[in-house]
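Written below as structure tokens is the structure these notes are about.
The values are calculated or read from the model by the stated rules, or taken from the named source; none is laboratory data. Remember, predicted model here, so these are calculated numbers, not experimental data. All Cβ positions, glycine included, derive from the backbone under ideal geometry; neighbour counts span all protein chains shown.
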Amino acid sequence: MADPKETPKPPYYAHIVGWGMGVPEKVMTNHDISAFVETTDEWIVARTGIRERRIASDSESTMTLGAKAALGALQMGSLHASLVDLIVCATSTPECIFPSTASLIQSEIGADNAGAFDLSAACSGFVYGLQMAAQSIRSGAIDTALVIGSETMSRVMDWTDRGTCILFGDGAGAVLLQRSEQPGGVLSAILRSEGKNAKHLGIPTFGSQDLDLHHEAINGHKMGKMYMDGQEVFKFATRVLSDGIKRAAADAGIKPSDINLIVPHQANMRIIDAAARQLGFDKSMFYTNLDRYGNTSAASIPLAMVEAEREGRIKKGDYIAFIGFGGGLTWAASIVQWTGAGAVPRKTGPMKQLELLQASAASSFRRIKRQYGSLFNRIRPEQGRIERLKRRMDKVEDGD
Ligand SMILES: CC(C)(COP(=O)(O)OP(=O)(O)OC[C@H]1O[C@@H](n2cnc3c(N)ncnc32)[C@H](O)[C@@H]1OP(=O)(O)O)[C@@H](O)C(=O)NCCC(=O)NCCS
């Protein structure tokens with residue numbers, strides 16, 4: 001947390017200084033899906049561009065994938081977890097209603113000095129989270145934040161519904177944000193909601209108004225399973241995508257033609273092609289990896305961003321546009337000027353540095369204790385048994 005005495009006056013900037021991803025090993029191809037619903041690889045590729053997606057195993061969850069992505073971001077940013085002030089986890093597939101998945105990730109990675117909460121804005125969630133965390137940093141309230149998008153969509157699919165189950169997959173992506181007085185980082189963000197169209201896309205849960213006693217929504221929707229009016233969502237997405245990018249660029253004080261790369265929500269290749277046409281951009285301006293992961297909801301933008309950077313598509317100083325859209329119906333767009341990996345210079349007094357060092361050491365100790373605690377617990381009874389055996393042998397030797 002920023003020390004009020006040491007906090008210089010704004011303007012501050014929120015820079016992305018680390019990023020990471022976590023995806024399950026298991027691949028499910030379109031051919032695999034065609035074994036249990038009436039569909040074909042050709043139909044899915046032609047209508048969506050998706051060829052395969054990842055599916056979480058029994059030991060993987062929204063927390064484990066998110067924690068992997070977060071640890072990758074911390075490693076890339078050369079920052080110890082104990083120095084993180086805030087963790088925002090954007091997800092539509094949380095481990096529980098509470099505790100938040102962000103809290104579970106916070107414990108898993110040893111971010112012992114961070115606040116943590118989940119953010120529900122469906123596929124727009126990562127850009128919403130980015131803006132919330134960036135605003136906290138720009139206000140001077142905090143120094144460092146992790147923004148994570150993590151999903152296990154396979155667990156909320158109705159695997160008998162070919163209109164939805166072909167589209168989604170599991171995965172996580174994360175960014176590490178850090179405060180600096182150097183201009184750059186998250187330059188703009190626009191967040192919007194069209195709640196009047198909420199009925200087109202959803203996952204009913206316990207609080208839902210229209211659930212009957214049999215845990216089925218009276219409109220035929222299934223408890224905890226996704227439903228969607230694909231055509232309505234398609235129309236919404238093509239309407240907001242190009243408009244969102246133009247508005248975010250204007251707010252950042254740049255022209256759309258200044259943008260170096262657009263990292264859109266990875267829902268459907270046809271939606272992205274339509275946006276490219278509307279903006280008059282070549283398709284290559286849009287980074288896509290939906291052919292390999294499908295739609296991973298809140299994880300899709302950070303996951304695509306990480307792979308785009310790895311492929312050399314993002315360079316220091318580049319203007320990157322993020323655009324998300326989905327349940328709500330929500331959409332959100334942001335322009336980021338790329339900083340690169342590693343901590344950015346910031347003013348931190350010697351006392352603050354000492355505090356941070358102490359926090360870091362204490363957190364490392366607690367992590368080691370947590371990791372090896374169960375081992376110690378197993379060793380202790382064994383030691384007792386050995387002591388008892390020794391005593392018995394001594395008695396035998398003494399001839400008792
Ligand atoms: C879901 C989506 C791919 C369906 O494509 P579409 O072109 O709209 O298809 P339609 O729903 O009009 O269906 C056309 C036909 O294909 C059939 N069909 C639907 N899913 C199918 C599948 N997986 N395989 C084969 N046929 C399928 C329909 O039953 C329909 O058949 P009919 O003409 O005999 O009634 C498309 O609407 C879409 O991508 N929408 C956006 C969804 C999205 O991105 N959601 C997430 C936003 S975050």
In the stretch 11-43, what residues are in contact (Cβ under 8 Å) with a residue 40 or more places away in the chain, within 9 Å of the ligand (Cβ to nearest atom) and assigned to a loop (DSSP other than H, G, I, E, B)? Val37, Glu38, Thr39
Selection from the stretch 291-315 of residues that are part of a loop (DSSP other than H, G, I, E, B), of a type in the set (Gly, Ala, Ser) and within 16 Å of the ligand (Cβ to nearest atom): Gly294
Taking the conditions exactly as written (within 16 Å of the ligand (Cβ to nearest atom), farther than 25 Å from Arg162 by Cα and surrounded by 20 or more Cβ atoms within 10 Å (Cβ to Cβ)), does Val233 satisfy them or not? no
How many of the residues making up the stretch 162-208 are surrounded by fewer than 17 Cβ atoms within 10 Å (Cβ to Cβ) and either closer than 16 Å to Thr93 by Cβ or free of Cβ contacts under 8 Å to residues at least 60 places away in the same chain (or both)? 6
Tell me the helices (runs of 4 or more DSSP H) entirely within the stretch 57-175 that contain at least 1 residues that are within 16 Å of the ligand (Cβ to nearest atom) and touching a strand residue (DSSP E or B) at 6+ places or on another chain (Cβ under 9 Å). 125-138
Taking the criterion of being closer than 22 Å to Thr288 by Cα, within 16 Å of the ligand (Cβ to nearest atom) and at pLDDT below 95, would at least one residue in the stretch 220-230 satisfy it? yes
